Number of protein chains: 4
Amino acid sequence: MPHAPDPQRPRTKPAQVRLEELMDAAEALFLQRGVEATTISDIVQAADVAKGTFYTYFNSKAEILHALAQRYTTRFMDEVEQAVDAQPTDDCLARLRSWIEANIDVYVRTHEVHDVVYSQHHHLGRGNAERNAIQQQLLQLLEAGIAGGHWALPAPAVTASLIYSGVHGATDDLIAAPKDQRAAFKQALIADCLRLVGATY
Amino acid sequence: MPHAPDPQRPRTKPAQVRLEELMDAAEALFLQRGVEATTISDIVQAADVAKGTFYTYFNSKAEILHALAQRYTTRFMDEVEQAVDAQPTDDCLARLRSWIEANIDVYVRTHEVHDVVYSQHHHLGRGNAERNAIQQQLLQLLEAGIAGGHWALPAPAVTASLIYSGVHGATDDLIAAPKDQRAAFKQALIADCLRLVGATY
Amino acid sequence: MPHAPDPQRPRTKPAQVRLEELMDAAEALFLQRGVEATTISDIVQAADVAKGTFYTYFNSKAEILHALAQRYTTRFMDEVEQAVDAQPTDDCLARLRSWIEANIDVYVRTHEVHDVVYSQHHHLGRGNAERNAIQQQLLQLLEAGIAGGHWALPAPAVTASLIYSGVHGATDDLIAAPKDQRAAFKQALIADCLRLVGATY
Amino acid sequence: MPHAPDPQRPRTKPAQVRLEELMDAAEALFLQRGVEATTISDIVQAADVAKGTFYTYFNSKAEILHALAQRYTTRFMDEVEQAVDAQPTDDCLARLRSWIEANIDVYVRTHEVHDVVYSQHHHLGRGNAERNAIQQQLLQLLEAGIAGGHWALPAPAVTASLIYSGVHGATDDLIAAPKDQRAAFKQALIADCLRLVGATY
DNA sequence: AATGAATGAGTTTTCATTCAT
DNA sequence: TATGAATGAAAACTCATTCAT
């Protein structure tokens with residue numbers, strides 16, 4: 001039978017705060033040493049709570065990982081959306097370019113976290129919510145361009161899929177490239193995408 | 001509880017056969033229940049050998065997974081290469097088209113295995129051998145077309161990266177699409193890629 | 001994940017009511033899923049009180065189980081006593097028969113609860129209070145019959161023990177018997193007991 | 001990942017021996033400190049094997065307990081059967097008396113083990129195999145006596161149930177009785193049972 | 001080359017109990 | 001009285017790996 005806990009200060013915090021602290025601690029550890037290698041014990045120690053407290057908020061490591069994935073995607077989309085919305089509503093080309101550029105930039109900056117939080121997805125991308133949501137953003141931009149007569153696309157959904165996957169995959173290569181070649185790589189990537197869309201510029 | 005040993009002896013087989021049997025058993029189990037959830041015990045049971053025998057052929061689960069990945073990529077590349085080589089050496093466009101089409105087809109047919117054997121790559125694509133090798137095939141096709149004057153590309157390596165990732169990612173969407181729309185999806189995908197290259201056809 | 005607290009206040013109830021609600025909730029859960037498998041959390045949730053409230057009324061799970069056992073036995077004995085007292089004070093045979101019959105009937109009706117509340121007694125019967133008290137009831141009936149010259153018994157305490165255990169054990173078999181044979185089983189059981197006592201009837 | 005085990009002697013033993021050693025160790029500990037209080041760690045330590053070895057033979061504490069219960073019953077029945085078979089085949093009364101006496105004696109000697117191995121049965125006796133098998137022994141003796149004209153019983157199965165439960169329950173009281181009264185208690189118990197059967201002696 | 005009983009460190013998970021509010 | 005977030009000791013169970021046969 002459990003014994004008396006230590007007579008420390010009141011350790012209660014608002015649930016939202018505790019949740020964030022646990023998630024931050026977990027993300028940092030997953031990043032440092034990998035998901036597999038990180039134990040619940042590591043997480044609670046880093047978050048300075050008791051073992052059981054973890055289970056008040058999450059039922060397993062998989063669950064906190066899922067929460068991190070959702071958080072990652074939400075933040076990712078918000079950033080991209082902001083970049084797009086910084087462009088004039090009617091400048092379809094600029095908006096598309098911003099979407100591509102933001103995808104590259106944010107992904108370059110956050111890819112480690114991305115890898116971690118999506119490492120456990122057995123079906124690497126197929127049908128996951130992140131992908132769908134961001135691809136949807138892109139599809140709307142493509143369709144706006146078509147509606148506005150800026151370009152024509154026989155199958156915009158296919159093109160959106162191609163660009164989304166292509167940009168992210170190519171960005172993986174960009175990240176692996178020598179530092180001094182990255183800017184050129186990025187510009188070439190953007191140019192290829194715009195050429196694909198047939199945007200006149 | 002341990003069971004009575006059956007007196008089935010001798011159980012020796014050629015090393016190559018045993019190796020294949022172990023790999024086949026492992027691949028099937030990884031496919032069914034996932035890599036994580038599959039234990040060495042499961043594998044040896046399915047392959048009908050003793051625990052220790054596994055370690056005669058592989059040093060760890062990671063090692064057999066790596067062997068499976070290599071086998072997958074070799075088979076994948078062979079198939080694509082065959083499709084490309086079925087086209088005339090000088091018909092760059094037909095060869096490129098064949099490369100794209102074979103990538104889609106083979107990937108559709110084998111994507112489950114692909115997911116499994118590459119599920120453990122924390123850096124989902126960055127720098128892995130499969131990707132590099134297949135992308136290299138494509139890059140050579142693109143460069144052949146440039147050399148032959150069939151198209152011009154400012155940064156062929158970037159375009160190869162974009163097409164490779166784009167095709168595979170879009171194929172994930174193709175797989176998720178309703179059956180009756182797949183043919184159209186595939187044609188649109190090929191057309192987009194060729195347009196990107198600026199191939200006149 | 002913790003939920004928002006509902007602003008339902010005040011939740012105070014008379015102590016006796018809370019106590020009963022907790023005991024009823026616990027008994028129902030113990031019955032459904034077993035004592036071991038039922039947690040304090042389950043109980044307080046079913047009783048719609050907070051964790052801490054449980055400890056205002058009981059010091060442990062063992063304590064509430066003990067309270068349930070006492071409640072069970074009190075109710076059991078009261079019912080048997082009522083049945084016996086419905087017979088004329090001087091009709092020893094009728095009183096004995098009523099005791100046996102009531103023991104069977106009440107036990108058939110309540111055996112699930114009996115199993116639950118006495119499941120933790122490592123010494124299944126030896127020396128527990130329930131048994132002693134009910135056996136004492138029987139012993140008094142047997143001795144009254146001896147005193148009244150209705151039957152003779154060389155060792156009434158042994159006979160009381162034999163009848164008590166025999167009736168309860170045999171009733172377990174009665175419960176397991178097909179429904180349509182239960183009435184006959186019960187009559188045969190009563191007849192055997194009366195024959196054992198040597199009651200002329 | 002697990003590390004190299006210590007380079008101790010070969011610790012392999014015939015499965016049957018290991019099984020018995022584990023069961024003996026478990027039974028001793030269950031007896032000493034109770035089932036609940038005994039951990040798998042305790043058992044393997046007492047049996048001088050590694051944690052994992054336990055799980056080679058049993059899947060849980062419940063499973064070893066079940067094995068112990070079976071072993072107990074087998075041994076119990078064997079002893080009773082031997083005692084009965086020591087009597088002439090045609091002396092029904094002596095055989096019945098031997099059955100009763102052996103039940104009392106063996107139970108007195110082994111009741112602690114009995115309590116332990118059957119402590120977890122939620123339905124204390126109803127339908128469990130031990131009870132059924134031993135009761136069946138008794139029923140056959142009763143029916144042999146009827147067939148041989150030694151006694152008459154309106155419902156032998158009910159009487160068998162009553163005697164079985166009665167003897168075991170009363171023996172619990174016998175055990176609780178002062179030492180110097182046990183012999184008399186036992187004789188009275190046997191006499192009561194024989195009287196119940198109507199055996200002339 | 002093949003066997004399979006044995007290993008044991010390591011991880012997850014549970015849940016009775018407390019106490020500041 | 002009542003609350004419920006936090007506690008943390010304790011236990012079950014896993015499974016990759018070894019090695020004498």
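Annotations
- Residue match in region B:88-111 (condition: at pLDDT below 95, within 11 Å of chain A (Cβ to nearest Cβ) and under 22 Å from A:A160 (Cβ atoms)): yes
- With respect to being more than 9 Å from DNA strand F (Cβ to nearest atom) and over 30 Å from A:T159 (Cβ atoms), A:A28 fits the description.
- Region C:173-201: number of residues that are touching a Gly at 6+ places or on another chain (Cβ under 9 Å) and outside any helix (DSSP H, G or I): 1
- Residue list for region C:144-172, restricted to those being loosely packed, with under 15 Cβ neighbours inside 10 Å and either outside any helix (DSSP H, G or I) or not assigned by TED's automatic domain parsing to the domain that holds C:Y107 (or both): C:G148, C:G149, C:A152, C:P154
- Qualifying residue in region D:32-55 (condition: in contact with a His (Cβ under 7 Å, 6 or more places away or on another chain) and either polar (S, T, N, Q) or within 19 Å of D:Y72 (Cα to Cα) (or both)): yes
- Output for region C:149-178, where each listed residue is among the aromatic types (F, W, Y) and within 8 Å of chain D (Cβ to nearest Cβ): C:Y164
- Cross-chain or 6+ apart pairs with Cβ under 6 Å, region A:25-40 first and in contact (Cβ under 8 Å) with a residue 24 or more places away in the chain, then in a helix (DSSP H, G or I) and more than 16 Å from DNA strand F (Cβ to nearest atom): A:E27/A:L68; A:F30/A:V116; A:L31/A:E112; A:L31/A:V116
- Criterion violated by A:L141 - all others in (1) under 19 Å from A:A94 (Cα atoms); (2) within 12 Å of chain B (Cβ to nearest Cβ) satisfied: (2)
- Residue list for region B:173-201, filter: surrounded by fewer than 22 Cβ atoms within 10 Å (Cβ to Cβ) and not hydrophobic (A, V, I, L, M, F, W, C): B:P178, B:K179, B:D180, B:Q181, B:R182, B:K186, B:Q187, B:R195, B:G198, B:T200, B:Y201
- Scanning region A:47-75 for residues being aromatic (F, W, Y), assigned to a helix (DSSP H, G or I) and without any contact (Cβ under 8 Å) to a residue 40 or more places away in the chain gives a total of 2.
- Number of positions in region C:37-54 that are farther than 18 Å from C:Y118 by Cα and either surrounded by 14 or more Cβ atoms within 10 Å (Cβ to Cβ) or not assigned by TED's automatic domain parsing to the domain that holds C:L19 (or both): 10
- Any hit, region D:120-134, residues being at pLDDT 90 or above and among the polar types (S, T, N, Q): no
- Residue, farthest from D:N132 (Cα to Cα), within region D:163-201, restricted to residues that are acidic (D, E) and under 21 Å from the mean Cα position of the chain (by Cα): D:D173
- Complete set of residues in region A:12-52 that are near DNA strand E (Cβ under 8 Å from one of its atoms) and within 14 Å of chain C (Cβ to nearest Cβ): A:T12, A:G52
- C:I146 within 12 Å of chain D (Cβ to nearest Cβ) and more than 30 Å from C:A37 (Cα to Cα): no
- Some residue of region C:76-88 being more than 27 Å from C:L194 (Cα to Cα) and part of a helix (DSSP H, G or I): no
- Hey, B:D115 surrounded by fewer than 22 Cβ atoms within 10 Å (Cβ to Cβ) and touching a residue at least 24 places away in the same chain (Cβ under 8 Å) or not: no
- Residue match in region C:59-66 (condition: within 16 Å of DNA strand E (Cβ to nearest atom), within 13 Å of chain D (Cβ to nearest Cβ) and surrounded by 14 or more Cβ atoms within 10 Å (Cβ to Cβ)): yes
- Residues of region B:37-61 that turn out to be touching an Asp or Glu at 6+ places or on another chain (Cβ under 9 Å) and near DNA strand F (Cβ under 8 Å from one of its atoms), as a count: 0
The values are calculated or read from the model by the stated rules, or taken from the named source; none is laboratory data. None of the values given here were measured: they were computed from a predicted structure. Because the Cβ atoms are built from the backbone with ideal geometry, glycine has one as well, and the counts that use them run over all protein chains shown.
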